[in-house]
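The values are calculated or read from the model by the stated rules, or taken from the named source; none is laboratory data. A quick note: this is a predicted structure, and the numbers were derived from the prediction, not measured. Cβ: placed from backbone, ideal geometry, glycine included. Neighbour counts: every protein chain shown. The area values use the complete protein model at the heavy-atom level, side chains included, leaving out ligands, DNA and RNA. Shrake-Rupley method; radii C 1.70, N 1.55, O 1.52, S 1.80 Å.
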Amino acid sequence: MTDLSQIRICFLGESFVNGTGDPECLGWTGRICVYANKNGYDITYYNLGVRRETSTELRQRWLRETVYSVYQMNMTVE
């Protein structure tokens, strides 16, 4: 069985991922992480949402940014 007590997530997308317009400044990504944290999960997450980004722009950056984010997470955990 996999230990899910520590979870690392990179959220990618545009305004909805970014949380634009959310009065609590959480967006749906923040709400997921708050809920998971309250249920005992240690969440490390990067919200890589960019407001007004197109699919083409996302395609150009997603791999570089997620690899960098995960690499940085691994460096800080040790």
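For the chain, the carbon plus sulfur part of the accessible surface works out to 56%, probe radius 1.4 Å. Seen from ILE43, the other residues with C-beta closer than 13 Å to its C-beta sum to a net charge of +2, counting Lys and Arg as +1 and Asp and Glu as -1.
Let a ≥ b ≥ c be the square roots of the eigenvalues of the Cα gyration tensor of the stretch 10-51; is it rounded (a/c under 1.5), or, if not, prolate (a/b larger than b/c) or oblate?
It comes out oblate by the Cα gyration axes.
Residues in the chain average 76 Å² of solvent-accessible surface per residue, probe 1.4 Å, ligands and nucleic acids excluded.
For the set LEU48, LEU58, LEU63, solvent exposure ranked by accessible area (probe 1.4 Å, protein chains only) runs largest to smallest as LEU63, LEU58, LEU48.
Residues whose amide H comes within less than 5 Å of that of VAL50, counting only those at least five positions distant or on another chain, are GLY13, GLU14, ASN18 (H built at 1.01 Å from N in the peptide plane).
Model label points for GLN6 and VAL70, set 7 angstrom from Cα along the Cα-to-Cβ axis, are 1.6 nm apart. Here r is the Cβ-Cβ distance between GLU14 and TYR41 and R0 is 30 Å; the resulting FRET efficiency, rounded to 0.05, is 0.70.
Only helices enter the 222 nm calculation for the chain: every DSSP H run of n ≥ 4 contributes -39,500 (n - 2.57), and dividing by all residues gives -16000 deg cm²/dmol, rounded to 500. From the coordinates of this entry, Kirkwood radius over Cα pairs in Å is computed, and it appears in (1) 12.4; (2) 13.6; (3) 18.3 under the label (2). Note on exposure: SER69, SER55, SER15 ranked by accessible area (1.4 Å probe, complete protein assembly) read SER55, SER15, SER69, with the most exposed listed first.
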